[in-house]
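Peer 1: Structure below; questions to follow.
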Amino acid sequence: MPHPSPSLLESKFQPQLGARVQVARARLAVPESLVAGAVKAVTVIGPTGYGKSTLMAQWHAALTDAEPRIACVAWLNLDENDNDPPRLLRYLYGALAKCVPTLAADAVTEISRTTDLPVLLESLSLKLAAQEQPIVLFLDDAHVITNPDASRVVEWLLSHAGSQLRFVIGGRQAAGWPQAELRLRGQLLEIDQRDLAFNRDEARSFCTTRLTHPLEPAALGRLLEKTEGWPAAMELLTLALNDTPDAGQLIADFATTERGVLEYLSDAVFGRLPAEQRVLVHRLAQFDRFCGELAATALAQRSPDILFAELQRRHLFLIPLDRQGRWFRFHHLVGEYLRRHDPRDTADINASLTAGGHWLFDHGMVDDAIDCAVRAQQWDLACRWLLKAAEDSAQRRGDGANLLRWMPLIPQEVLDRYPLIRLSHVFSLAFSQRDAAGFERELADLEALAARLADDPGADRSAVQELLCALPLQRLMWSALRDDATSLRTQAEAWIHAWPDARARYRGDANNVAAFACKTTGDIDAGLEYCARADALQEADNGVFGTSWTKVLRALLLLKRGDFRAAFAVAEAGLPHITEKLYGHPEHLAYQQAVRAAVLYEFDNTTAASQAIESTPDALEDRGVADFFLLTYLTRARLQFHSGQAEAGLTALQLGRKLGQRRGLPRVSVTLAGEECIWLCRLGQLPAALELARTHDFDRAIYPHYGMVTDKAARVAPRLLMSEQPEMAIAQLGPALVRATEKGFHHRRVELLILQAAALLRSGRTAEALQSWGVALDLGERFGYRRVFLDDIDIVATLNHAARGQEGLKVPSWLKGGPAKTAAGAEEALTRKELRILKHLETGAANREIAAALFVSEGTLKWHLHNMYRKLECRNRSGAIVAARSQGYL
């Protein structure tokens, strides 16, 4: 489908040329404090017709033409469609690209269609913070932003995007985001209706440019008194004053209420147009913006340029939107009047909207097209367009933003006639993972509708079959997303057998579900087979979102097997797929980066592992899947322990456990509790380890069946028993080693073999101990493992000592030198996030404020602070600032 016109897109990023009324207003010059002072934002608020856009355009021109240049300026015209947060972000990137050119490409590669605002805003702020010169961003018509999520985009940028970004925000009413803090800090300059109203000198200057004959001082005074300096009212009156012999009487009869102005528009302005032309103007005003081709289609006119020229000749508030003079809109006041005061039957208006909608749809402006169809109450047309857009974006590409935006606007009974739109809606709700209750309600309601349609002989049988096929699959996918793998493979297999002729993409999704279930149960080969089938099926149906999930699952399966090199290769191959075909989907990028970080840590490339972890945004904590949290928090903690920061490592594990509890993901909480027990043992804090183990039931001698707790206890209990009851530790390790060997869990097997060797050595069974140690070394060399040995360096050193002179035991050179040095004393560069935190510390912001700016919890912020203090070799905030200044970071 063709893309929107470049000139139309360009019009979003420049002042509207028709808004520039050249009236000298020295009292409203660009405030110096906006660029060189403390002011963070200027709000220009007033009713329509008060010259907000005019003033902002004049400021924009003054800053653009300033020599030397004191700031870079960017402009964004907002409209109601920008209530879609991803769309708003794309336009913000486009506007700011004038000052930060790389943002133009980033708008494609980084902005996900999953509306993950925190991740995108954090990425944007990092780029803006790196700019040396102030950036002044003009946002016009900000009052149209009513969606709370979209409002939060602007609110966050105002609060947290760094000191270089300044705002000039124009709108009809006070902004919908908090301003008290900016006001309190003296960072907000407010211009309102009283400031915007013309004074006497400005009114005289304005009339001089508009009237063909001068106005007497007394008449000018009455004009100013009557209009109260309202520029739009003065514009309307001067249009009429040129055609009347009695200026005083006309001014006396003019009413400056909005109702009076609208009546004047009807009687004295548009009432003078020929009847046929007046009808065309009313129909044209139904479109937020229009060009000649759109007008020709909507109005069934061969030469709409004649109409445009006549409107401009009469100064009837037609505003060009681009420098080519192709796209236009009416002044807001006039546009609203023309929409509300239709001189003909609404059937003509709806016909124009429908015809124009077809033109917009054919030219790639799908949002505008659907808006036209909805306003024309052409529900079926809107649904047909929405159905096509929803299936491609929501299910194939994982983009549910537009669908979620349109659903509330279309009557429920109409949507019930298009149940496949509702199916895409359910899909989007599931993968957003934000409203579990809302998802369950919508799914149950759609299942009930499917049951009714199945009994309706007049229903579309293909749509009914697709619902009956896809809804059970959707429940299976929801279970996988919620980390509930109970009987999931059996259910997925049953679905696959029940629907052999289902769409390839659906069958691919079912195979992905089965692969996830296999990962949970440890059936790695079967899981990889499911992934292979899923890959082929998704590829056949252009299911790029499903393909990305397959790549994530394949990497996780290989990681669980212990084939870290293969897992790393899959993650590396997955990154370009996500960037190029899913527009940099943040969750999937984070998943693959988490795999990379875990592998890099195990291979003892801790610097690269830290960089990979740094690139996984903390803001995904409310949306990610269980495996992502596990890999992220495990690697974070291990990096801290490796660097000698034991307390920070324990804190990271505890934060992860709390997150698992809050998200209702018991596997996360239990696994991280097990890891904490292990590190407490390594640190010699056995009482604390035993207490935590008892809390989670890791200390039992016998478990009635294998499960999640049993799996974690196999790593914990032997350590607790090692010193006092090594034979019991050996007994505990036996079944776990058998399972790891049978399942082919190579990494787990090495870890357990190391523990077994240590327990055997303590029991005096040296020969057996060295045999286990030899197998562990061989497996470690085969798969490239290092940290599984180095993290237990005390045990490893003892085993190496016992193995001295033993034939057939090959200890690698990197393991012979004893404990590796930690990074605690090494020089490490601060990460980008740590640099941002430093700048926040310098302002004196509290932890709560900094955490809010970074979209992280206070606990996660403390983890970053620990890292930063370690690198700067300090203990607190003030020490960090002193060290950062001495090292040139600040």
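The values are calculated or read from the model by the stated rules, or taken from the named source; none is laboratory data. All figures in this text were calculated on a predicted structure; none of them were measured in a lab. Cβ: placed from backbone, ideal geometry, glycine included. Neighbour counts: every protein chain shown. Just the protein is used for accessible areas: all its heavy atoms, side chains included, with ligands, DNA and RNA removed. Shrake-Rupley method; radii C 1.70, N 1.55, O 1.52, S 1.80 Å.
Peer 1: When segment 642-653 is examined, which residues are found to be surrounded by fewer than 21 Cβ atoms within 10 Å (Cβ to Cβ) and touching a residue at least 40 places away in the same chain (Cβ under 8 Å)?
Peer 2: Scanning segment 642-653 gives GLY644, GLU647, THR651.
Peer 1: Evaluate the following for ASP501: is it within 30 Å of ASP711 (Cβ to Cβ), without any contact (Cβ under 8 Å) to a residue 24 or more places away in the chain, assigned to a loop (DSSP other than H, G, I, E, B) and open to solvent by 20 Å² or more (accessible area, probe 1.4 Å)?
Peer 2: no
Peer 1: Looking at THR520, THR579, THR607, THR547, which one is part of a helix (DSSP H, G or I), open to solvent by 30 Å² or more (accessible area, probe 1.4 Å) and farther than 27 Å from LYS833 by Cβ?
Peer 2: THR520 is the lone residue from the list that is part of a helix (DSSP H, G or I), open to solvent by 30 Å² or more (accessible area, probe 1.4 Å) and farther than 27 Å from LYS833 by Cβ.
Peer 1: Of the conditions (1) open to solvent by 10 Å² or more (accessible area, probe 1.4 Å); (2) farther than 25 Å from ARG623 by Cβ, ASP509 satisfies every one except a single condition; which number is it?
Peer 2: (2)
Peer 1: Pull up segment 661-673, narrow it to residues that are assigned to a helix (DSSP H, G or I) and of a type outside the set (A, V, I, L, M), then point me to the one that is surrounded by the most Cβ atoms within 10 Å (Cβ to Cβ).
Peer 2: In this case the residue turns out to be THR671.
Yes/no matrix, rows are residues, columns are (1) touching a strand residue (DSSP E or B) at 6+ places or on another chain (Cβ under 7 Å); (2) open to solvent by 30 Å² or more (accessible area, probe 1.4 Å); (3) under 27 Å from LEU650 (Cα atoms); (4) hydroxyl-bearing (Ser, Thr, Tyr):
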site	(1), (2), (3), (4)
GLU675	no, no, yes, no
MET708	no, yes, yes, no
LEU733	no, no, yes, no
ALA736	no, no, yes, no
THR741	no, yes, no, yes
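Peer 1: What's the number of the condition GLY176 fails, among (1) under 19 Å from the mean Cα position of the chain (by Cα); (2) open to solvent by 20 Å² or more (accessible area, probe 1.4 Å); (3) at pLDDT below 75?
Peer 2: (1)
Peer 1: Could you please find all residues in segment 515-564 being within 27 Å of the chain's Cα centre (by Cα) and of a type in the set (Lys, Arg)?
Peer 2: Correct list: LYS551, ARG554.
Peer 1: Any chance you could count how many residues in segment 550-576 are part of a loop (DSSP other than H, G, I, E, B) and open to solvent by 40 Å² or more (accessible area, probe 1.4 Å)?
Peer 2: Residues in segment 550-576 being part of a loop (DSSP other than H, G, I, E, B) and open to solvent by 40 Å² or more (accessible area, probe 1.4 Å): 1 in total.
Peer 1: Only one of GLU768, GLU781, GLU807, GLU742 is of a type in the set (D, E, K, R), assigned to a loop (DSSP other than H, G, I, E, B) and without any contact (Cβ under 8 Å) to a residue 40 or more places away in the chain. Can you tell me which?
Peer 2: GLU807
Peer 1: From (1) assigned to a helix (DSSP H, G or I); (2) closer than 21 Å to ILE793 by Cα; (3) modelled with pLDDT under 90, pick out the condition that doesn't hold for ALA689.
Peer 2: (3)
Peer 1: Also, quick follow-up: What helices (runs of 4 or more DSSP H) completely inside segment 43-158 contain at least 3 residues that are surrounded by 17 or more Cβ atoms within 10 Å (Cβ to Cβ) and at pLDDT 80 or above?
Peer 2: Ranges flagged: 52-65, 85-96.
Peer 1: Something else about it: Looking at segment 709-727, which of its residues are more than 48 Å from the chain's Cα centre (by Cα) and of a type in the set (S, T, N, Q)?
Peer 2: SER723, GLN725
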